[in-house]
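A quick write-up on the structure given underneath.
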Amino acid sequence: MLTLLRGGTVYDPVQGINGEVRDIWVRDGRIIDAPGADAEPQQTYELRGKIVMAGGIDMHTHVGGGKVNIARTLLPPELRAEVEDSLRGPVPTAWETGLEYARMGYTAVFEPALLPVNARLAHQEMGDIPIMDKGGFAMLGNDDFLLKLLAADAPQAQINDYVSWILQATRCMAIKVVNPGGINAFKFNQRKMDLDETNPYYGVTGRRVLETLSTAVQELGVPKPLHVHTCNLGVPGNVETTLATMGATGGVPVHLTHLQFHSYGTEGDMGFSSAAAPIAEYINGHDNVSVDVGQVMFGQTCTISADAMLQYAAHPHANPKRWLAADLECEAGCGVVPFKYRDKSFVNALQWAIGLELFLGVNDPWRVVLTTDHPNGASFTSYPHLIRLLMDRSFRNDRLSSVHAEAQAATHLASMEREYDLYEIAVITRSGPARLLGLTERGNLAPGSAADIAVYTPGDDWEAVFRDASLVFKDGTLVVRDGKLVDISWGVTHWMQTEHDAGIETSLDEHFRSHYAMGLANYPVRDDDIEGDGRGKLVAYSCRRER
Amino acid sequence: MDNARNVPCPFCGLGCDDLALRASDSGFAIEHGACVRSRAGFGQPPSSAKARVNGAEASLDAAVSQAAGLLGEAREPLLTGLATDVAGSRAALRLAQRTQASMDHLHGIGGFQGVLAMQSSGGMSTTMSELRNRAELVLLVGTNGVDVMPRLTERVLEGSQAAFLDGKPREVVVIGPQAPDASDSEQLHWQHIDCPVYDVPYAIGALRCLLEERDLDDAATSDLPMTALAELASRMREVDYGAVVWGPAGLGAHGDLLVEALQTLVQSLNAEKRWGGLALAGNESATTFEEVCLWSTGYPGRIRFRGDDVIYEPRLIDAGRLLSSGTTDCMVWIGGMEGDHLPGKAEVPSIVLTPYPERLDWQPDVLIPIGVPGLDHAGTSVRSDHVVSLPLRSLRDSQQPAAADVLDRILAGLPARETSSC
């Protein structure tokens, strides 16, 4: 089937196309070169005056895995209707997740904290998200196997073999580390762990975990830099830790996630201040660092994190007063704490401002990804509102003038003049995350790429523009028209194929026998676990090993 | 039928995956990892039972068509049993949405105690491997463990397997009427605080008061084993990592309140030391259905589909009540695991999917034999701690379809809808 999208105004940063009127041709789910003057498309969409971008890619959104179901259990249904702009609530079902993302023109979502032992079930949950492509980042760095290797000064090559084995066993796209060594330390009753403090059992620092894992990711050739949720999440004064973390990999690529929660100083009467400026300055001077923001929005949500140590510490703030923390299978943990961000709270209002300061302070949009760390800062359904805050300074300053007065005084936001343009929005919502993930055939509109395409109708209110896409194509099929679902597809699961010495399984087998209530043989995800329902599909990417 | 090793077992929530099986003509013999449940489950000979419509043998097509007809006419159908794998749970949810049915797992309110407690207080939890490696002290409340999960002692409690206990024995304290089902070893020390089921909540209440150094009314504690509880409280303060484990079935009528008390106890113990709670749930695939139901509907079960909405009424949507009060007009039973669980005779049109049709002592309108996940077909089941899932295998050529296949065929056979919604 040959389809023509005629005369839209195209924003495709990967090709450097910035608002040019172009035709886009699609055949069999792929974008193709113009097929010649005599080609007759079976279907033509007239897009004069419309905005055309690749489908959006959310690189960090909690859409799968046991912690999301815990949040669904904990969050009382009666509170769901309170969430702004959506009846779906902060923790939607798999089905609603796909619909709400598709409506905004998104076509891919990545679960950034996939517990390896939970991989099979997390993939099956994500398999029920319609329209979207999906993928997971496997969590390492608090697992007893890795810490045991580090404590024994195992060679980097052995660590690399393990990291590679995990990627294969979990069918994941990247590696994530959360509070390196700290979640494990919490199980030994340590309540705080900074980057250079040691895990009480293994005597290993968080810095060592970071260095080793970021090196492994680089040497295995995994495109996505190590995804780092560093220590001291949410702690006033954590800016020092965050700066140290960005420097800890010695120039090796590193991605700091939900940076907003890690950009706090201790200045002022409240002992809580914005440290967005020094952090943005650091990022501007270091090309190896990329980030996503984890913007806070006001309203009811539910925070879910693998960081059991700090989620436990945050439990007194639970709203409503029910929360759960868990130790998980000698691999990591989790904490689920319902939370309500209020614009009349000094701290919450400043968190909101800090996120925006980061977006506006980091100059290179290719290294900033638009996220709310769904649902931790807010539901992903608030992205259109966030895009308007970034694109429309007067709207932003109007909103700022209504938040806690002392928070207004504590932020430089009012003086920040930058407004994102559509090209930059396309970078931070599509092309940037695709490039970071190594998805060469997504996040762009070049011939040969998948025809994941979003079409928007311009207007004065950017929130309305990005709320409901006019048209969304997934692999060439029209799935959304005017924000409404018109067809169903199921996307694919992206994963990273790496190489390792199978000898690692000997050590793993011994470790499983001593630590796990499950055998090594039954741990890996089978392809049929994802594809067996007849609609899931795995797409593997090969790594080039750099040694 | 091949011999098989490292076989995952679907027959309880413990999720053992170390079974070694030897095929025989009458089923599988278990050479390693046997327990009473797996022996019964894997020992089943392959079934060649045929579907039945109104008691008479029928083709699968005819049975599916009859089932679709009954469901198409029903206004308030009920899907229950729901002892199936991930694929079966997904298919059951699809069928329930399409037919605007109510759903309740066969465990009923008993399986919901943990959920209700979570929705009231939350909790702090641990998992099988964490417990096995870290817990110096384990409280088993209302259960001795093996009555729910026969290999719990061997697989999880045995201290010799603990990575972080430095060879210290693990202490296990059973609170309730059941005595420990094992004797002391170098690695495992048992204690029994004997009290009747109805006193277990009072004993836990007293334990909390002792831990929080609150005054206790002598009259309220006169029947309780206070000396043992006081010793336990002081021991609980000393350990670095402890676990509180309960068997949902053994907690009595207001088990949710007891689970809430246990969860808040665990939460408060974490102010000083590390503790985690763990329910011995998940038998009859309860955890599997709960997980799939949560991501599909936002609710853990006990739901009713109405239009595009899902109504969650954990106290009211009760399969037994819906059937006995006449507020359902068609029952679909999906039971693919143990043979002990079969539906009682229903007074409404009934469609029963079970691997054990010969054990049913009444005649439903439609009876469809299905395979057992992990024996007759591959699948996924979820362990009691919700975190780990098992890759269930197909171990033999079976004539019986998976529950998911039958449910999807019934769905496809339903009359066209008047209104469409995806």
Counting only residues that are farther than 30 Å from B:Thr153 by Cα and within 12 Å of chain B (Cβ to nearest Cβ), the stretch A:502-528 contains a total of 2
Selection over the stretch A:35-68 where residues are part of a loop (DSSP other than H, G, I, E, B), of a type in the set (A, V, I, L, M, F, W, C) and modelled with pLDDT of 95 or more yields a count of 3
Residues in the stretch B:286-328 that are more than 13 Å from every other protein chain (Cβ to nearest Cβ), free of Cβ contacts under 8 Å to residues at least 60 places away in the same chain and in a helix (DSSP H, G or I) total 2
If we take the stretch A:377-474, then helices (runs of 4 or more DSSP H) inside it with 1 or more residues that are crowded, with 22+ Cβ neighbours inside 10 Å are A:383-391, A:405-409, A:422-426, A:432-437, A:462-467
Exactly one of A:Leu422, A:Leu478, A:Leu445, A:Leu439 is at negative phi, touching a Lys or Arg at 6+ places or on another chain (Cβ under 9 Å) and aliphatic (A, V, I, L, M), and that residue is A:Leu445
When B:Asp397 is run through (1) of a type outside the set (Lys, Arg); (2) buried (at least 24 other Cβ atoms within 10 Å of the Cβ); (3) more than 19 Å from the chain's Cα centre (by Cα), the failure sits at (2)
Within the stretch A:299-336, residues in a strand (DSSP E or B) and farther than 20 Å from B:Lys273 by Cα come out as A:Gly299, A:Gln300, A:Thr301, A:Cys302, A:Thr303, A:Ile304, A:Ser305
Checklist entry - Quick check: anything in the stretch A:328-347 assigned by TED's automatic domain parsing to the domain that holds A:Ser382, closer than 13 Å to A:Asn376 by Cα, buried (at least 20 other Cβ atoms within 10 Å of the Cβ) and among the acidic types (Asp, Glu)? => result no
Picking from A:Glu78, A:Glu96, A:Glu82, the residue that is more than 13 Å from every other protein chain (Cβ to nearest Cβ) and at pLDDT below 95 would be A:Glu82
Picked from the stretch B:152-173 (must be crowded, with 19+ Cβ neighbours inside 10 Å and of a type in the set (Gly, Ala, Ser)), the residue farthest from B:Asp194 (Cα to Cα) is B:Ala162
Of all strands (runs of 3 or more DSSP E) fully inside the stretch A:100-192, the set with 1 or more residues that are within 14 Å of chain B (Cβ to nearest Cβ), crowded, with 24+ Cβ neighbours inside 10 Å and of a type outside the set (Ser, Thr, Tyr) is A:106-114, A:133-139
Per the list (1) crowded, with 24+ Cβ neighbours inside 10 Å; (2) within 14 Å of chain A (Cβ to nearest Cβ); (3) polar (S, T, N, Q), residue check on B:Asn283 breaks on (2)
- Item | Test result for A:Ala102, under 23 Å from A:Ile387 (Cβ atoms) and in contact with a Leu (Cβ under 9 Å, 6 or more places away or on another chain) | yes
Counting only residues in the stretch A:519-540 that are closer than 26 Å to A:Ala216 by Cα and touching a Leu at 6+ places or on another chain (Cβ under 8 Å), the one surrounded by the fewest Cβ atoms within 10 Å (Cβ to Cβ) is identified as A:Asp527
Worksheet item: In this structure, is B:Leu93 within 14 Å of chain A (Cβ to nearest Cβ), more than 26 Å from A:Arg322 (Cα to Cα), modelled with pLDDT of 95 or more and out of contact with any strand residue (DSSP E or B) (no Cβ under 7 Å at 6 or more places or on another chain)?
Response: yes
Taking the stretch A:503-527 and keeping only residues that are at pLDDT below 95 and of a type in the set (A, V, I, L, M), one is left with A:Ala517, A:Met518
Within the stretch B:297-309, residues being hydroxyl-bearing (Ser, Thr, Tyr) and within 19 Å of the chain's Cα centre (by Cα) number 1
Just one listed residue, out of B:Ala219, B:Ala261, B:Ala243, B:Ala206, is part of a strand (DSSP E or B) and over 16 Å from the mean Cα position of the chain (by Cα), and it is B:Ala243
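The values are calculated or read from the model by the stated rules, or taken from the named source; none is laboratory data. Just so you know, these numbers come straight off a predicted model, no measurement behind them. So basically every Cβ, Gly included, is an ideal-geometry build from the backbone, and we count neighbours across all protein chains shown.
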